[in-house]
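Written below as structure tokens is the structure these notes are about.
The values are calculated or read from the model by the stated rules, or taken from the named source; none is laboratory data. None of the values given here were measured: they were computed from a predicted structure. Cβ coordinates were reconstructed from backbone atoms using ideal geometry, including for glycine residues, and neighbour counts include every protein chain displayed.
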Amino acid sequence: MDSATTSQNTVFARAVRVGWPIVRIISGAGGTALVTSFVTFAALAFTPGDPVSRVVGERATDEQRAAARHALGLDQPIPIRFLRWLGNALHGDFGRSITYRQDVSSLIAPRISTTLFLVVMAAVIIVVVGVALGAFGGWHGRWRPIISAMIGVGISIPSFVAASVLIGTFAVELGWFPTYGAGQGFLDRIHHLTLPSIALSLAWTAYVAQITMASVREEAGREHVETAVGRGLKPSLVFRRHVLRNASLPVLTASGLTVAGLVAGAVVVETAFGVDGIGSLLVKSVPNKDYPVVMAISMLIVVIFVTVAALLDLAQMVLDPRARAAGGRR
Amino acid sequence: MTAVPVSGVRLARISTAARRIDPILATAGVVCALLVLLAIAGPWIAPFPPNQTDVLAASQGPSATHLLGTDSIGRDILSRLLAGARLSFLGPGIIVVLSTTLGTLFGIACAWWGGFVDSMLTKAFNVLFAIPGILMALVAAAVFGAGFWAAVLSLSLVYVPYVARVIRSAALQERRRPYVEACQLAGMSGLRICSRHVFGNVQPVVVAQATVGFGSALMDFGAASFLGIGVQPPQAEWGLMVSDGRTELLNGALQQSLSAGALIVLSVVAFNVLGERLSDRTGAGR
């Protein structure tokens, strides 16, 4: 672009420069959600096993079958059925559950608060403990081997193993926590969900600690930090002002993506602890072939992940001028 | 480039490498080898058939006959652990072979052709990145029915983009090297350059990535079996055993869940450490 057009279009060009990455991030997230939901929908639609027989029974006549098929909208091609599902889903209508004979939305609504409660508790543990542990290990070289070893083991403990050990020791042997359920009311919920959130957060805490430690170490080795130390600034001030602040960006990305993935992790933990959230509902719905429920919860998990990831990209753009120039993450 | 200084540098490097055999790498390697050996020989060295029930000796603690006790229907836990090593390793093994093969092919294809192929494949990978492994396994179980293969194939698919991303960036570096152009000028086909030279040079990265991937696959496959959508009872598998042990857990008998869980954690630690050390050596950090 030559200089004459640039000066004419500065406002426009600027709007495009700032706006285009935002549009790209949002459309990328929307596209991902759309593609995954269509593929999942199509896969579930092609599954062997006819939902019609479950509605009208095995001994129905051909006319009854055809009528039921029409009433369920199953005589339409899959793309049309998908668009109808999508239109209804955007209005909060995910169809009816086959096993519970209830609206899927009325099954999900009471359970989602339990799941979110669990996820938020785990997220707090992950960010607080993970960042503290990683920053400590990254700044104090003497402790690094011990913390590295803790991270190495912690990152390798699957949530279902952690869950079993926690139930066996803290719930059964010591009796400090309940073995089952999600509890009622705020404090009771925290009491019930303490062990599940620890099981859920363990490996991810180690992961965030690992990223934090690597990032703090990298920043601590930079010239401006050495200069600051050389100028005689207090180490704690150098750490806060020059190391932690610069190290925060990769930590933010890593913990954000971790938290986004927690809803999927909650599937395993809720099952292990018998917590009645959307994750354990999904696990129960799979062998029952309750497709409306499977579809709705799967999409919820993907949409939450994609939304958080897009927000992270936007946050990164705001915080890091280099990412702004490059237009988004990769 | 003259031969003498190069060989001098080489010799110096080799001797320092020989002096510093990394003890952690060696330990991790030995533990991994032992575990793989266990997975192969497990069923033969098990003292009892893994599915033999003895109702009279159900839910027993450790004893001389049953070293780790018995489960709620009287099966010997040690025998089930030994026999279960096979499926616990076979699942993740197939996952790693499939995802590494596909991921390497796609990664090199992205780097070699660039442009449209690269951007399309990268878009597809970005979609796959948004699907957590366990969710893919659940949907696959809903579509194809729960079982070993549904879990293995769905998890393989989830792992492809992770491999492809790493291989793509490694192969891109190779693509820019002058020898590629030299080969092209010599009339070598793209396929031959990729398979002979580019693949050969990114191979250490592939191996390191596959080793770390095996650890994660072991965790995810175990989780699938734990949820009842992987290996099906009465077969023995560690994730399933952690789940089976939950009834005994409530009666205060930890052995089954704990021992199966400990073996999973030990295997994941060993393969993670091995993979990380290998990738440090190849200089292909994340």
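Okay, here's what the table says:
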item: Whichever residue in the range A:66-106 is in a loop (DSSP other than H, G, I, E, B) and hydroxyl-bearing (Ser, Thr, Tyr) and, among such residues, is modelled with the lowest pLDDT; result: A:Thr99
item: Filtered residues of the range A:148-190 (kept if buried (at least 21 other Cβ atoms within 10 Å of the Cβ) and more than 20 Å from A:Val268 (Cα to Cα)); result: A:Ile151
item: Residue within the range A:310-324 that is surrounded by 19 or more Cβ atoms within 10 Å (Cβ to Cβ) and within 27 Å of A:Ile190 (Cα to Cα) present; result: no
item: Conditions (1) outside any helix (DSSP H, G or I); (2) surrounded by fewer than 19 Cβ atoms within 10 Å (Cβ to Cβ); (3) away from chain B (no Cβ under 14 Å); number of the one not met by A:Leu116; result: (1)
item: Among residues of the range A:61-112, those that are within 24 Å of the chain's Cα centre (by Cα) and among the basic types (Lys, Arg), counted; result: 1
item: Residue match in the range B:200-222 (condition: over 30 Å from A:Leu174 (Cα atoms) and over 24 Å from the mean Cα position of the chain (by Cα)); result: no
item: Entirely in the range B:83-179, the helices (runs of 4 or more DSSP H) that have 2 or more residues that are within 14 Å of chain A (Cβ to nearest Cβ), in contact with a Gly (Cβ under 6 Å, 6 or more places away or on another chain) and farther than 25 Å from B:Gly200 by Cα; result: B:148-175
item: Test set (1) over 24 Å from A:Val306 (Cβ atoms); (2) of a type outside the set (Ser, Thr, Tyr); (3) in contact with a helix residue (DSSP H, G or I) (Cβ under 7 Å, 6 or more places away or on another chain) - A:Leu249 fails condition number; result: (1)
item: Breaking point among (1) within 14 Å of another protein chain (Cβ to nearest Cβ); (2) modelled with pLDDT under 90, for B:Met219; result: (2)
item: Any pair with Cβ under 7 angstrom, 6 or more apart, that starts in the range B:217-240 at a residue that is within 16 Å of B:Ala142 (Cβ to Cβ) and ends at one that is hydroxyl-bearing (Ser, Thr, Tyr); result: B:Leu227/A:Thr271
item: Close pairs from the range A:35-52: first at the interface with chain B (Cβ under 10 Å from one of its Cβ atoms), partner modelled with pLDDT under 75 and part of a helix (DSSP H, G or I), Cβ under 8 Å, at least 6 apart; result: none
item: Filtered residues of the range A:133-148 (kept if under 22 Å from A:Ser255 (Cβ atoms), without any contact (Cβ under 8 Å) to a residue 12 or more places away in the chain and in a helix (DSSP H, G or I)); result: A:Phe136, A:Trp143
item: Residue identified as without any contact (Cβ under 8 Å) to a residue 60 or more places away in the chain and either within 14 Å of chain B (Cβ to nearest Cβ) or part of a loop (DSSP other than H, G, I, E, B) (or both) among A:Ala171, A:Ala109, A:Ala199; result: A:Ala171
item: Odd one out for A:Glu63, checked against (1) exposed (fewer than 12 other Cβ atoms within 10 Å of the Cβ); (2) within 14 Å of chain B (Cβ to nearest Cβ); result: (2)
item: First in the range A:291-302 and facing chain B (nearest Cβ under 7 Å) and closer than 19 Å to B:Gly145 by Cβ, second anywhere and among the polar types (S, T, N, Q) and part of a helix (DSSP H, G or I), Cβ under 6 Å, 6 or more apart; result: A:Val294/A:Ser285; A:Ser298/A:Thr40
item: Which listed residue, of B:Gly239, B:Gly261, B:Gly252, is surrounded by fewer than 23 Cβ atoms within 10 Å (Cβ to Cβ) and either in a helix (DSSP H, G or I) or at the interface with chain A (Cβ under 8 Å from one of its Cβ atoms) (or both); result: B:Gly252
item: Residues of the range B:183-195 satisfying the condition of being exposed (fewer than 13 other Cβ atoms within 10 Å of the Cβ) and more than 25 Å from the chain's Cα centre (by Cα); result: B:Gln184, B:Leu185, B:Ala186, B:Gly187, B:Ser189, B:Leu191, B:Arg192
item: Residue satisfying all of: in the range B:11-52; modelled with pLDDT under 80 and among the β-branched types (Val, Ile, Thr); nearest to B:Leu254 (Cα to Cα) among these; result: B:Ile21
